[in-house]
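Working notes, structure below.
The values are calculated or read from the model by the stated rules, or taken from the named source; none is laboratory data. Since this is a predicted model, take the numbers as computed values, not measurements. As a convention, Cβ positions derive from the backbone with ideal geometry for all residues, glycine included, and neighbour counts pool all protein chains shown.
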């Protein structure tokens, strides 16, 4: 096996050469989610040249076998060994964009709600390494304390940190550097994902009530709202309401378009029997039909009316807030001839909720230039057919969100996988079904493709099914063991020192060593 190392500048446009450094690839790892995952490379050479390796952090790196790339990613950490001292630098622990969240503690020890500073970053560091975010959490504090903590955190972590390690006696005196590399998929753990889409709400309670259907001047209520986020569809409306006595009709709810500042075309509707409305003020959910695509910044209306005749004894009351805390819409009442403002004016409490296809959510995250900052493109093989709320409050990394969405699977009920190619283009695809072009693993530890062609050890695939060939005795009863003749290859590790391969079947407690 002839493995070589190729480096580029962080800008991806120029090759880097350290001619007096000798590179030795020690270990390569690939994973079904992300493709190239981790690499360990040893660098040997003159001391001054080894110190230059510390400048390689976040540089693109490739491992080639006979001039063909087999692994690619970036330099995450460099550990320089000199006598009994190891000096490490890494981008893993650095942060060049910081936000602080805290529980607000007011004067007099009164605890307020959860608050946060704005994201603040160091432009120079981000231009060198890319954006690497961190949310710092304070149990309690105030804006001034949080701002000072943010400033200190950013100043101390905006560049890679240095770590020292005293090695055990007997360590070789010859200097060398240990280079740890990561696949590009890992950069999605550098940033957090927030998405306001998927819901629009006004939940600030004010204690007010608006009667509906008890008088001819209160035949319908309508509350406008402004959609936040695009590419999601409204599916539910929740209203805070109660019934007075025993209305025998239904309560009807419509989601309507805007027509010059009043409700226009009905886009979806729902109904609820009056008997199902509580006697006490509570939130009630209406399931809209059909699902309505939302467009960011567009005005829509929630319209409510009763299906039966006006009844002064049996009617409905809707929760409103006379403090007018919702800036994205207005409340109007249909008095039998026109839409008029309430007196005193108020905003109606409401919740509009919806979903977005998970494959669209994945694409949106990866194509966001600030999040998928190193990717050149995204290919989604097929729509997932799975719909969930896209709303995210920003407390999870983009990688966590992506991998949770992928676990929900695709149209065939199998989870979604990801690969990142040499050009940093992401492909999202459904896990293959067992039996579709399975690979083979023989009893002597050799892997071959579905055409029975043996594979080089450094090219063993991940995210595929492998059938055990000439391994299980023909007489064995396998009916009570799930798919014993096949294993799904979740990860592959190539140990260059020993030239052997370990494969990690899904949910395996340990790796299986081949040859």
TODO: Answer yes or no: is there a residue in the range 350-368 that is farther than 30 Å from residue 407 by Cα and at pLDDT 95 or above.
DONE: yes
Task: residue 420 within 18 Å of residue 361 (Cβ to Cβ) and either in the same structural domain as residue 461 (by TED's automatic domain parsing) or buried (at least 16 other Cβ atoms within 10 Å of the Cβ) (or both) - done: no
Open item on the list: Tell me which strands (runs of 3 or more DSSP E) are completely within the range 246-303 and hold 1 or more residues being closer than 22 Å to residue 335 by Cα, or say none if there are none.
Closed with: 250-258, 263-273
Open item on the list: Residues to consider are 424, 415; find the one that is at positive phi and touching a helix residue (DSSP H, G or I) at 6+ places or on another chain (Cβ under 6 Å).
Closed with: 424
Open item on the list: Please return the ranges of strands (runs of 3 or more DSSP E) entirely within the range 103-212 where 3 or more residues are loosely packed, with under 15 Cβ neighbours inside 10 Å.
Closed with: 111-116, 133-141, 161-166
- [ ] Please go through the range 30-70 and pick out each residue that is under 30 Å from the mean Cα position of the chain (by Cα) and not in a strand (DSSP E or B).
- [x] 32, 56, 57, 58, 59
TODO: Could you tell me which residue of the range 227-264 is nearest to residue 357 (Cα to Cα), considering only residues that are touching a helix residue (DSSP H, G or I) at 6+ places or on another chain (Cβ under 7 Å) and either crowded, with 16+ Cβ neighbours inside 10 Å or not assigned by TED's automatic domain parsing to the domain that holds residue 320 (or both)?
DONE: 231
Task: Tally, over the range 339-354, of residues that are surrounded by fewer than 20 Cβ atoms within 10 Å (Cβ to Cβ), more than 14 Å from residue 225 (Cβ to Cβ) and in contact with a strand residue (DSSP E or B) (Cβ under 6 Å, 6 or more places away or on another chain) - done: 3
Task: Only listed residue being at pLDDT below 90, more than 34 Å from the chain's Cα centre (by Cα) and either over 27 Å from residue 386 (Cβ atoms) or assigned by TED's automatic domain parsing to the domain that holds residue 375 (or both), chosen from 470, 456 - done: 470
